[in-house]
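**Q** Just passing along the structure, written as structure tokens.
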Amino acid sequence: MTMQIENLKPQLVFKYFSEISLVPRGSGNEQGISDYLTNEAKRLGLEVIQDEFLNVIIKKPATKGYENSPGVIIQGHMDMVCEKNKGTDHDFEKDPIKLRVDGDYLYATDTTLGADNGIAIAMGLAVLASDDLAHPALEVVFTADEEETMNGAMNLNGNLFKGRYIINVDSEEEGTVTVSCAGGVTAVVKITKEYKKANTSKVAYTIDIKGLLGGHSGMEINKQRANSNVLMGRVLNHLANHAKIPFDLVSIQGGAKNNAIPREAEVVILLDSENVSSVETELNNILNVFKNEFKTSDPDIKVIFNKSEKTYDKALTDEVKNNIISITNLMPSGIQTMSMDIEGLVQSSTNLGVVVTNDDEIVFEFATRSSVKTLKDEINDKMRLLCNLLGVKLELLDDYPEWEYAKNSELEKIGVETYEKLTGKKPVIAALHAGLECGLLLDAIKGAEAISIGPNLYDVHTPNEHLDILSTERTWNYLVALLENIK
């Protein structure tokens, strides 16, 4: 730890951040940091619980005058994303993060910094170690494996907590108070492959959709960018049911992750030679349609038609082909509802992120999100009804709860009033169309309320990740004032 970092304010926060930066804590490698937090709690003489999932809960009694105040739960996750620049000699399993100060910012050296969510650890420990703060009874919880599975928060025992107010320190923009996030589920549709013999006179062609921008299916769904898998469904439907050009379908592929808006998709079709020019004409027509519809969001969209170098002696049956066309065209896609409480917030959405033709099945993966449970359930029901009509399989996996906006929340009111008094400005009240651990905590700790705050963080999950030092001090002051004002 250099003198430069030692002198950063608030000193106790940066002292702890420096210490945890010495402990490797990539997702799935959290035993060391979990043990460090447990031992630090014992050193401070505080009650501590370390569960089998490596979550750590540290409890501190209320200060004088706050014995009857609602208890507060401060929360952050202990793991970090491990990324480094090409050619960097760094082993995340054993090497410490090398901190450096550049102007008003704290960086790592050629690796991710881990301020997401190490700053929550540092602030939580600083609150626990301070003996000059006024606060209600505290339960500071550090959860494991947030970045990959949320396994820690998913398995947290809510009966261990008595607090009513949850302050999550995982936001990345100072002056923003987050009050809601989406829950989600992965919907997997499977169509069993059935074949027919291909006519030897037919020739194989590929149709590719490329040039789309894609993006995160939660954070960027509001930009209404084109989905290559959905567009490919429109292409197939147009050829089959509008242009009425006979073709056989061999395979369909598109996208890599269900939580990313897919940028590319490909199908292999079989055509009679006399229909090739007609397909070329129709694909050019539908490309012009797409270019008009997505001229703002995806101006570089391409539909590419090429003769395949491969030959095929079988193709999918017409029933399977028609089911594929139905799934890609009729399943809920994109924004489904907008919030009436928070302007500009996407309330519910779906994303057909992956389509893959496997050995035995065609598999479709949808990421469904909603900040209202009943709306998520409604989308699931629509998918189930369609799949039942088509006679195909639907599985719902990895369901995690939403953090529904709590109108007239007392904690939100305290958060807003405290920020205004401290800064003279109103905070931004925000909601995310993505998952946060708050949804899982609120599901486990019945009757609690939550907000999420944090300092300015930039380029998170990249080797250029950096933390605004002055913003960290202001956020610390805000957290301290919040605790003081919860009476």
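**Q** By how many degrees, between 0 and 90 and to the nearest 10, does the Cα long axis of helix 228-237 differ from the longest principal axis of the chain?
**A** With rounding to tens, the tilt is 20 degrees.
**Q** In degrees between 0 and 90, to the nearest 10, how far off the longest principal axis of the chain does helix 469-485 point, with axes built from Cα atoms?
**A** 70 degrees
**Q** If you don't mind, there's one more thing I want to ask. Give me I166, I342 ranked fewest to most by other Cβ atoms within 10 Å of their Cβ, as a rough exposure proxy.
**A** Fewest to most other Cβ atoms nearby, the residues stand as I342, I166.
**Q** Please list, ordered by chain and number, the residues whose modelled amide H lies under 5 Å from the amide H of D399; skip anything fewer than 5 residues away on the same chain.
**A** Those qualifying (amide H under 5 Å, at least 5 residues apart or on another chain) are T186.
**Q** Considering the dipole of region 37-144 built from charges on the beta carbon (Lys and Arg +1, Asp and Glu -1) around the Cα centre, which of L99, I49, L113 is farthest to its positive end?
**A** Most positive-ward Cα: I49.
**Q** In degrees between 0 and 90, to the nearest 10, how far off the longest principal axis of the chain does helix 31-43 point, with axes built from Cα atoms?
**A** Helix 31-43 sits roughly 20 degrees off the main axis of the chain.
**Q** Multiply the residue separation of T281 and Q31 by 0.36 nm, subtract the distance between their alpha-carbon atoms, and state the gained length in nm to one decimal.
**A** Extra length available between T281 and Q31 comes to 83.9 nm.
**Q** Follow-up question, since we're still on this one. Report the label-to-label distance for E148 and N388 in nanometres (one decimal), using points 7 Å from each Cα along the Cα→Cβ vector.
**A** 3.8 nm
**Q** Let me ask something else about it. Using the 2.2 N^0.38 Å rule of thumb for compact globular proteins, work out how region 184-400 stacks up: its C-alpha Rg over that value, please.
**A** That works out to 1.03 for region 184-400.
**Q** Now a separate question. Greater than 21 Å separation of Cα atoms is the criterion. Which listed pairs, K223/K295; K15/K98; K162/K407, meet it?
**A** Listed pairs above 21 Å: K162/K407.
**Q** Given points 7 Å out from each Cα along the Cα-Cβ axis, report the S273 to E19 separation in nanometres with one decimal.
**A** 7.9 nm
**Q** Would any residue of region 410-453 have its amide N under 16 Å from a label point 7 Å out along Cα→Cβ of E343? List them or say none.
**A** Residues passing the 16 Å test: 426-431.
**Q** Provide the gained length on full extension for the span T192 to T374, in nm with one decimal, where the gain is 0.36 nm per separating residue minus the Cα-Cα distance.
**A** Working it through step by step, the gained length comes to 62.5 nm.
**Q** Using modelled amide H (1.01 Å from N, peptide plane; none on Pro or chain starts), what sits under 5 Å from the amide H of C82, excluding residues fewer than 5 places away?
**A** S27
**Q** I've got another one for you. With a Förster radius of 56 Å, plug the Cβ-Cβ distance of K426 and H242 into 1/(1 + (r/R0)^6) and report the FRET value to the nearest 0.05.
**A** E(calc), rounded to 0.05, equals 0.60.
**Q** Provide the packing ranking of 208-217, 403-412, 346-355, i.e. peptides ordered by the mean count of other C-beta atoms within 10 Å per residue, highest first.
**A** In descending order of packing, they fall as 346-355, 208-217, 403-412.
**Q** For the pair K64 and K210, what calculated FRET efficiency results from E = 1/(1 + (r/R0)^6), where r is the Cβ-Cβ distance and R0 = 51 Å, to the nearest 0.05?
**A** 0.20
**Q** Could you sort 9-22, 287-300 so that the peptide with the highest average Cβ count within 10 Å comes first and the rest follow in order?
**A** Output ranking for 9-22, 287-300: 9-22, 287-300.
**Q** Would you list, by chain and number, the aspartates and glutamates whose Cα falls below 12 Å from the Cα of K314, excluding same-chain residues fewer than 8 positions away?
**A** E194, D248
**Q** Right, here's the next one. What is the sum of charges around T374, taking Lys and Arg as +1, Asp and Glu as -1, for the other residues whose C-beta is under 12 Å from the C-beta of T374?
**A** Here the charged neighbours net out to -3.
**Q** Give me, ordered by chain and number, the residues 5 or more places off S251 or on other chains with an amide H under 5 Å from its own placed amide H.
**A** V268
Coordinate-derived values only; no laboratory data. Note that the structure is predicted; figures quoted are calculated from it, not measured. Every residue, glycine as well, gets a Cβ built from its backbone with ideal geometry; the counts of neighbours run over all protein chains shown.
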